[in-house]
1. From S59, S104, S92, grab the single residue that is in a strand (DSSP E or B) and loosely packed, with under 14 Cβ neighbours inside 10 Å.
2. Specify which of the listed residues (I38, I12, I79) is under 21 Å from G173 (Cα atoms) and out of contact with any His (no Cβ under 6 Å at 6 or more places or on another chain).
3. Given the criteria part of a helix (DSSP H, G or I), under 21 Å from N145 (Cα atoms) and under 13 Å from the mean Cα position of the chain (by Cα), does I37 qualify?
4. Evaluate the following for R74: is it open to solvent by 40 Å² or more (accessible area, probe 1.4 Å), closer than 28 Å to T174 by Cβ and under 22 Å from the mean Cα position of the chain (by Cα)?
5. If you take the residues in the range 107-160 that are open to solvent by 80 Å² or more (accessible area, probe 1.4 Å) and closer than 29 Å to I37 by Cα, which one is modelled with the lowest pLDDT?
6. Would you mind stating whether I166 is modelled with pLDDT of 90 or more, surrounded by 13 or more Cβ atoms within 10 Å (Cβ to Cβ), within 26 Å of H73 (Cβ to Cβ) and out of contact with any Asp or Glu (no Cβ under 6 Å at 6 or more places or on another chain)?
7. Any residue in the range 14-35 that is closer than 17 Å to E106 by Cβ sitting within a Cβ distance under 8 Å of a residue that is modelled with pLDDT under 90? List the pairs, counting only those 6 or more apart or interchain.
8. Checking D68 against (1) open to solvent by less than 90 Å² (accessible area, probe 1.4 Å); (2) at pLDDT 80 or above; (3) more than 30 Å from R185 (Cβ to Cβ), only one condition comes out false. Which one?
Amino acid sequence: MKINLENWEIGIIPTIFICIILPLLIYFSLWLIITGIIGSLRMLLSKKWTRTSGKLISSEIKYKDFSDENHRHRKYVKIKTYVYKVNNEYFSSNQTLASDSLFSKEFKSLKKNMNKENTEKILNSLKSGKKIENIKGDLITVFYNPKKPQIACLENRFEKKIFIQIIMGLIFGTGLMYLSYYLLRNIIE
């Protein structure tokens with residue numbers, strides 16, 4: 001395969017798109033696919049993890065903003081931090097599902113924007129009858145990886161929504177790869 005740059009007849013704006021923006025979009029689609037596959041594998045493997053008892057030590061509500069054409073949406077999640085004991089050693093975790101560590105950096109803390117009205121609205125959106133302060137000290141069931149006991153989760157179930165991420169990455173990535181081939185076929189011999 002040879003690259004013949006003498007056949008490059010594209011202007012500056014398309015060149016910037018092809019050389020900078022297109023690789024970033026391809027990287028994003030690969031990120032969707034890879035994190036989706038890793039997350040689904042972690043959730044499947046967590047079904048075989050060992051059960052132990054733990055204690056909730058704190059809880060915090062975090063959010064992630066989504067935007068569409070004219071509306072801004074927020075997704076709220078309750079992050080529960082808990083401790084558990086394995087082989088006379090204490091560990092701490094804040095994962096609800098085994099795949100949560102892949103996506104935890106996407107959520108921001110809500111502590112700054114909390115007032116009484118927002119708190120009630122958010123708690124209702126979380127479908128939670130308990131207030132945040134009331135769950136500290138509750139005993140819970142924790143599932144931990146017997147090979148790496150520092151990795152744990154509260155729910156060892158498989159969330160089917162992860163397939164949406166994988167499929168989006170595959171469709172988006174395939175389309176971008178075809179677009180790359182279509183735009184660059186003149187210079188590749």
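The values are calculated or read from the model by the stated rules, or taken from the named source; none is laboratory data. These figures come from a predicted structure and were not determined experimentally. In this analysis, Cβ positions are derived from the backbone assuming ideal geometry, glycine residues included, and neighbour counts consider all displayed protein chains. SASA here: full protein model, heavy atoms, side chains in, ligands and nucleic acids out. Shrake-Rupley method; radii C 1.70, N 1.55, O 1.52, S 1.80 Å.
1. Criteria check complete, one pass: S92.
2. Sole residue among the options that is under 21 Å from G173 (Cα atoms) and out of contact with any His (no Cβ under 6 Å at 6 or more places or on another chain): I38.
3. Considered against the rule, which asks whether it is part of a helix (DSSP H, G or I), under 21 Å from N145 (Cα atoms) and under 13 Å from the mean Cα position of the chain (by Cα), I37 comes out as yes.
4. no
5. K127
6. Here the answer is yes, as I166 does meet what is asked.
7. As it stands, the answer is T35/L102; T35/F103, since those pairs meet every condition given.
8. (2)
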